[in-house]
Amino acid sequence: MCGIVGYLGTKPAYEILTQGLHRLEYRGYDSSGVAIENDGGEMHVYKSQGKVSNLEAAVDGKPHDGTLGIAHTRWATHGIPNDINAHPHVSDDGRIALVHNGTIENYAVLHEALAGHGCKFTSETDTEVLVQLIEYIRLTNDCTLADAVREALGQVIGAFAIAVIERDNPDLLIAARRSSPLVIGIGDGETFIASDATPIVGYTDKVVYLGDDEMALIRRNEPLEVISLNDGSHPGLDIQTLRLSVEQLEKGGYDTFMLKEIFEQPDTLRDCLRGRITADGNRVILSGVLDNKERFLNANRIVIVACGTSWHAALIGKRLIQDMCALPVEVEYASEFRYGSPFITDRDIVIAISQSGETADTLAAIELAKSKGAFVYGICNVVGASIPRATDSGTYIHVGPEIGVASTKAFTGQVTVLTLLALCAGQLRGTISQQQVTAIAGELLRIPDILRQVLKLDDAIREMSRIFTYARNFLYLGRGYNYPTALEGALKLKEISYIHAEGYPAAEMKHGPIALIDKDMPSVIIAPSDSLYDKIVSNVQQVKSRGGHVIAITNTGNEDMRKLADYCLEIPRVMECLTPIVASVPLQLLAYYVAHYKGCDVDQPRNLAKSVTVE
Ligand code: AGP
C-alpha cells in the first residue's frame, strides 16, 4: 500500500515526482503529497485528498522549484483520507519531511511518550509519530539527520519504507526500509527512489533493491552509501539492470489499463511460455524445478499460499499438481497460514504465488514456512520484488507490468506457470505419461491463438453487459477445474463494478444459494464440454426453472446450451485442465463492461490497492 518517490539530482524534482506518483497510483490513491526543497534549502510541502491530479491542481501556480524532493500516494491505514493525514508529514519545528509506506505497530506507545515530551501532533497517522520521533532524537542528541533516522527506526516495530529530507539541507535524501519495498535508481548525477521501479523507468536502467533493515544516504555529487540499520556496516551494492520500457507502462491506445491487459493476454502468455517447452514439444523446462530435483522427488506434500486472485490460481494449481504429480496439495490463504500454526516439515514444498511479490501476508507465510525448514518456491510477476528474493527458488510469470488494480493477465500467467510446473515436476517424478505431457504442452502452446479467438467475443460481451448493470447480485457457478474460475469471475465483478457476486461450486447451489435465485439475480455458469458437463446442465436447468437468467460460458457450437441459457458465450474447446485460462477471459470482459456501463473507475476501484503491503 502507498507509493513513495524521491529525487535528488539536477532536474526540476516536481515533474519527476508527480510523474512517478501517477505510475504508482495503483498502490493507493486516496490522497497524495509532495515536499520540494530548492537549492537555497527552502522547503515547500503540498498535500491533497484524492488522486494525484488533485495535488497537481493544488500546486499549480505555487512555488515548487528545487532539485530535491519526496512524494507519496496514500492508501489509508491509520486515519481517514484527507489533506491532513496525507503525506509528507512534517516535524513540529517544520524542519523534517517524511513519507512512509507500511505500518508502525507501536505507534500508540511512541505517540504517548512523545506527547509526554511536549510534542504536538496534527494528524491521526502512525507516520507522523516517526517524523516527530526523528525530530526529538535530532534535538535531544544534537546529532545528524542520518543518525536520528537510524536511532528512530531502531525504536519502531512494524513495516516501513521511508524517504526523509530536511530544510536547509538540499544535498541529502535519506531512504530506509524494513519489509516494505524500496528501489534506488542510479542515474548520471541524479538518484531516484521509489516503491517499485516504474517511476525510474525512462531515466536510468541501473537499480539497487534496498535490503531489509538498510538505510540509503543519497548525497549530491557523491556515491550512494548504504548502511545496515542493525550494525552500521556497509553491505555491498548489487547494481542490477532494469528491463522495463516506458511503452510497457502506457495504455497503448486502450481506454484503460485493465482493458489493455485483458487484450494483451495472447502475447503475455506467449512470453510466459517462451523457452519453457522444448522445440519437439516433449519436455517442460522450468529451471526452478529442475535445479531442485531432489526436493521435488522427495516431497511429501505441497502447500500453496496466496491471497485474492493468486489464491484462485492456487486452487487451479492444486488440481493440476495432484493430477500430474500424484502429490497431496493444500491451498491456504496466506493470512490464515501465517497465524494458523501450520504443520510443515522439511519434506514439504511451499509454493507462494503473488503478482506483485510484495503482499505482506504472503511474505510472512514464506518466512514462517522457511523457519520450519520447508523449501519455498515463488511464482511472481514483478522481477526483483521481495517475494522472489525471499524464496529458495521459483518462476517468473513474465506477463509485463500489470497496472489495473484488478488482476487479469497475471491470473492467466499464474495458471500457465502452474501448468508448466505440474508438467515439469510430474515428468521428473514419473507420474505423468509422455503422451500426456506432449498433448498438454502442445495445447498450451496453442492457447495464445485460442485467446485471440476468445477476445473476438468483445463486441457481444459489451452489448450484453449493458443489460446487466441493473443487477445487485450475481451468482457464478463452475465445477472441477472451473470452480476456481467461478470464484475469480465473481471477484472481478465485485472488485470493479461493486455488484455483489458469489462464486460457488455448482453442485453446492442446491445446498443453500438456490434460495436466492429469481429474475433479478443472474447466474454465470461455466459449462464447457468436459467430464462434468452433464452435471452442470442440470444446474442450468435448476436456475432456469426458478426464473433465473443464465449466462453460460460454453464451447463453440453447443446448440443445446443455446436453447437452455439466456446468453451463451462460446469459447473453443480445449483440454479440461486448460479450460480455466480460456474461460476466465470472457469473465474478465463481462466484469469490465458491466463496471464500464455503471461508470466505475475500472483501473482504480474504490478502497482497493494493487499491492497490499499491510496486514
Ligand atoms: C486481484 O484482482 C486483486 N486486486 C487482489 O485480490 C490480489 O490478487 C491480491 O491482493 C494478491 O496480490 P498479489 O498477487 O500481488 O500477492
Study note, to complete from the structure: Across (1) free of Cβ contacts under 8 Å to residues at least 60 places away in the same chain; (2) more than 29 Å from L269 (Cβ to Cβ); (3) assigned to a helix (DSSP H, G or I), I536 clears everything bar (2)
Review point. Considering S91, S48, S31, which residue is at pLDDT below 95 and open to solvent by less than 20 Å² (accessible area, probe 1.4 Å)?
Key: S31
Study note, to complete from the structure: Within segment 398-414, of all residues that are aliphatic (A, V, I, L, M) and more than 10 Å from the ligand (Cβ to nearest atom), the one surrounded by the most Cβ atoms within 10 Å (Cβ to Cβ) is V399
Review point. Looking at (1) touching a His at 6+ places or on another chain (Cβ under 8 Å); (2) at positive phi, can you tell me which one G94 breaks?
Key: (1)
Practice item. Please tell me if L428 is more than 16 Å from L259 (Cβ to Cβ), assigned to a helix (DSSP H, G or I) and open to solvent by 20 Å² or more (accessible area, probe 1.4 Å). Key: yes
Review point. How many residues does segment 465-488 hold that are under 19 Å from L320 (Cβ atoms) and within 16 Å of the ligand (Cβ to nearest atom)?
Key: 5
Revision key, fill the gap. Among (1) of a type outside the set (A, V, I, L, M, F, W, C); (2) at pLDDT below 95; (3) closer than 30 Å to Y592 by Cα, S407 falls short only on (2)
Check your understanding: What is the one condition in (1) assigned to a loop (DSSP other than H, G, I, E, B); (2) in contact with a Phe, Trp or Tyr (Cβ under 8 Å, 6 or more places away or on another chain); (3) in contact (Cβ under 8 Å) with a residue 24 or more places away in the chain that T73 does not satisfy?
Key -> (1)
Check your understanding: When you scan segment 431-529 for helices (runs of 4 or more DSSP H) that lie fully inside it, which ones turn up with 1 or more residues that are at pLDDT below 95?
Key -> 458-467
Exercise for review: Scan segment 529-552 and give yes if some residue there is touching an Asp or Glu at 6+ places or on another chain (Cβ under 6 Å) and within 30 Å of K260 (Cα to Cα), otherwise no.
Suggested key: yes
Check your understanding: Taking the condition among the small types (G, A, S), in contact with a Pro (Cβ under 9 Å, 6 or more places away or on another chain) and not in a strand (DSSP E or B), does G79 pass?
Key -> no
Check your understanding: Just for segment 349-385: of the residues that are assigned to a helix (DSSP H, G or I) and among the charged types (D, E, K, R), which one is farthest from the ligand (Cβ to nearest atom)?
Key -> K370
Check your understanding: In this structure, does S335 turn out to be in a loop (DSSP other than H, G, I, E, B), within 16 Å of the ligand (Cβ to nearest atom), among the polar types (S, T, N, Q) and in contact (Cβ under 8 Å) with a residue 40 or more places away in the chain?
Key -> no
Check your understanding: Could you list, in sequence order, the residues of segment 167-198 that are open to solvent by 10 Å² or more (accessible area, probe 1.4 Å) and over 23 Å from the mean Cα position of the chain (by Cα)?
Key -> R167, D168, N169, P170, D171, L172, I186, G187, D188, G189, E190, T191
Review point. From the residues in segment 94-108 that are β-branched (V, I, T) and at pLDDT 95 or above, which one is surrounded by the most Cβ atoms within 10 Å (Cβ to Cβ)?
Key: V99
Exercise for review: Could you tell me whether segment 476-495 includes any residue that is farther than 18 Å from L315 by Cβ and either of a type in the set (V, I, T) or free of Cβ contacts under 8 Å to residues at least 60 places away in the same chain (or both)?
Suggested key: no
Review point. From the list L578, L532, L564, which one is open to solvent by less than 40 Å² (accessible area, probe 1.4 Å) and in contact with a helix residue (DSSP H, G or I) (Cβ under 9 Å, 6 or more places away or on another chain)?
Key: L578
Check your understanding: Would you pick out the residues in segment 291-311 that are of a type in the set (D, E, K, R) and either part of a loop (DSSP other than H, G, I, E, B) or within 12 Å of the ligand (Cβ to nearest atom) (or both)?
Key -> D291
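The values are calculated or read from the model by the stated rules, or taken from the named source; none is laboratory data. Not measured: the values here are computed from a predicted model. All Cβ positions, even for glycine, are placed from backbone atoms using ideal geometry, and neighbour counts span all protein chains on display. Areas reflect the complete protein model, heavy atoms only, side chains present, ligands, DNA and RNA absent. Shrake-Rupley method; radii C 1.70, N 1.55, O 1.52, S 1.80 Å.
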